[in-house]
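See below for the structure under consideration.
Here, each number is a calculation from the coordinates, and none is a lab measurement. In this text the structure is predicted, and so the values were computed from the model without any measurement.
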Amino acid sequence: MSNVIEFKRPSLKQKHKGKTLCRSGFHKWEVVTKNKFDVKQGKLVTLYQCKRCGEQKVTAL
């Protein structure tokens, strides 16, 4: 019982990092270059992923 480990609480800045902007619709999109061709649609597609929250969107060319 004498071995007590103290945990550091994350600050509010770390806890809510990037959530407020993405929730308001201001994502930070990056192009993911793994897949460039969609087999189901038979088209070239571009996959975007948000840097902050990880949400993905696909656009067909």
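Okay, here's what the table says:
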read-out: Relative contact order %, the chain, counting alpha carbon pairs below 8 Å whose residues are six or more apart; value: 26 percent
read-out: Overall form of the chain per C-alpha gyration tensor (a/c, 1.5; a/b vs b/c); value: prolate
read-out: Net length gained if the chain between K8 and F26 were fully extended (0.36 nm per residue, minus Cα distance); value: 3.4 nm
